[in-house]
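First the structure, in the form of structure tokens, and then the observations on it.
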Amino acid sequence: MFHKVTELLPEQACLPGRKGQMIVSGKHLALGTYYVEPFPSNTRSILFGMGCFWGAERLFWNMSGVYSTAAGYAGGVTSNPSYEEVCSGYTNHAEMVLVVYQPEEISLQKLLSVFWQEHDPTQGMRQGNDIGTQYRSAIYPNSQEDIDIALETQSEYQTLLTEAGKGKITTEIRLDLQFYYAEEDHQQYLYKNPNGYCGLAGCGVSF
């Protein structure tokens, strides 16, 4: 199942998935909050894809103002996919982190600045040695207002990258996509395994 598929597939070529949702505990081990709905009324959410979701989730749960985080899959076709199916490339999903945050304590712009500078958004269907469509850079907001903010920060960061001699941003920005929770083993993975793999690496251009 672990092929390195580097192009999104036609929908008919993707795995069908299943009706049953992934069963997770919902309790965030690092924050003590819950990473499944309902969330407090003073929170908002967004999905970030930065390659392997283990390091990306830890990055955001350590930020003040973030209420909760979760690892999962989005952007593809297959319903309720497994990790092995996503890694096969036959779902079109990316590994994503759900970030639930409190806007009165941390702004979306701050979250986006961390997103841009803490991975390399110019690599297409990969992050470093992690190759495949599941590792693509992606932002999936749930409002047009947040889409506009994401696009504005993308333009600002592209200017900085260009000045530094870097390539063009390939980040996929789309609205309000279905988020599927990853298996319990993947939730707060680096809290359970502090010395585990983290593939996060920026491109050396601060925002």
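Go through region 84-111 and report how many residues are in contact with a strand residue (DSSP E or B) (Cβ under 6 Å, 6 or more places away or on another chain) and over 24 Å from Pro16 (Cβ atoms).
Final tally of qualifying residues: 6.
(1) under 24 Å from Thr6 (Cβ atoms); (2) modelled with pLDDT of 95 or more; (3) crowded, with 17+ Cβ neighbours inside 10 Å; (4) in contact with a Gly (Cβ under 9 Å, 6 or more places away or on another chain): which one isn't true of Pro121, the others all being true?
(4)
So if I check each of Ile23, Ile106, which one is over 21 Å from Asn129 (Cβ atoms), part of a loop (DSSP other than H, G, I, E, B), out of contact with any Phe, Trp or Tyr (no Cβ under 9 Å at 6 or more places or on another chain) and not charged (D, E, K, R)?
On inspection, the qualifying residue turns out to be Ile106.
What are the pairs, 6+ residues apart or on separate chains, where a residue within region 1-28 that is under 30 Å from Trp61 (Cβ atoms) has its Cβ under 8 Å from a residue that is surrounded by fewer than 13 Cβ atoms within 10 Å (Cβ to Cβ) and modelled with pLDDT of 95 or more?
Between residues of region 1-28 that are under 30 Å from Trp61 (Cβ atoms) and residues that are surrounded by fewer than 13 Cβ atoms within 10 Å (Cβ to Cβ) and modelled with pLDDT of 95 or more, the close pairs are Met1/Glu84; Phe2/Glu84.
Working carefully through the options Val77, Val99, find the one that is surrounded by 21 or more Cβ atoms within 10 Å (Cβ to Cβ) and either in contact with a Cys (Cβ under 9 Å, 6 or more places away or on another chain) or under 23 Å from Val36 (Cβ atoms) (or both).
After ruling out the rest, the residue left standing is Val99.
Do you know which residues across region 82-102 are part of a helix (DSSP H, G or I), in contact with a helix residue (DSSP H, G or I) (Cβ under 7 Å, 6 or more places away or on another chain) and touching a residue at least 60 places away in the same chain (Cβ under 8 Å)?
Within region 82-102, Tyr83, Cys87 qualify.
Of all residues in region 26-54 being outside any loop (DSSP other than H, G, I, E, B) and of a type in the set (Phe, Trp, Tyr), which is surrounded by the fewest Cβ atoms within 10 Å (Cβ to Cβ)?
Kept after step one, since they are outside any loop (DSSP other than H, G, I, E, B), are these residues of region 26-54: 27, 34, 44-50, 53-54.
From the residues that got through so far, the ones that are of a type in the set (Phe, Trp, Tyr) too are 34, 48, 53-54.
Numbers: Tyr34: 17, Phe48: 28, Phe53: 28, Trp54: 25.
So, considering only residues that are outside any loop (DSSP other than H, G, I, E, B) and of a type in the set (Phe, Trp, Tyr), the one surrounded by the fewest Cβ atoms within 10 Å (Cβ to Cβ) is Tyr34.
Pick from Ala150, Ala138: which is touching a residue at least 60 places away in the same chain (Cβ under 8 Å) and not in a loop (DSSP other than H, G, I, E, B)?
Working: Ala150 fails: touching a residue at least 60 places away in the same chain (Cβ under 8 Å).
That would be Ala138, the only listed residue that is touching a residue at least 60 places away in the same chain (Cβ under 8 Å) and not in a loop (DSSP other than H, G, I, E, B).
Given the options Thr69, Thr43, name the one that is under 23 Å from Glu172 (Cβ atoms) and either at pLDDT below 95 or of a type in the set (Val, Ile, Thr) (or both).
Exactly one of Thr69, Thr43 is under 23 Å from Glu172 (Cβ atoms) and either at pLDDT below 95 or of a type in the set (Val, Ile, Thr) (or both), namely Thr69.
Check whether at least one residue in region 180-198 is within 14 Å of the chain's Cα centre (by Cα) and of a type in the set (Lys, Arg), and report yes or no.
So far as region 180-198 goes, no, none of its residues is within 14 Å of the chain's Cα centre (by Cα) and of a type in the set (Lys, Arg).
Return the total of residues in region 1-20 being surrounded by fewer than 16 Cβ atoms within 10 Å (Cβ to Cβ) and in a loop (DSSP other than H, G, I, E, B).
Count: 11.
Output the residue which, of all residues in region 119-160 that are polar (S, T, N, Q) and touching a Phe, Trp or Tyr at 6+ places or on another chain (Cβ under 7 Å), is farthest from Ala201 (Cα to Cα).
Of everything passing the filter in region 119-160, Thr153 is farthest from Ala201 (Cα to Cα).
The values are calculated or read from the model by the stated rules, or taken from the named source; none is laboratory data. Everything numeric in this text was worked out from a predicted model, so none of it was measured. When we count neighbours, we look across all protein chains shown, and the Cβ atoms used for this are built from the backbone with ideal geometry, even at glycine.
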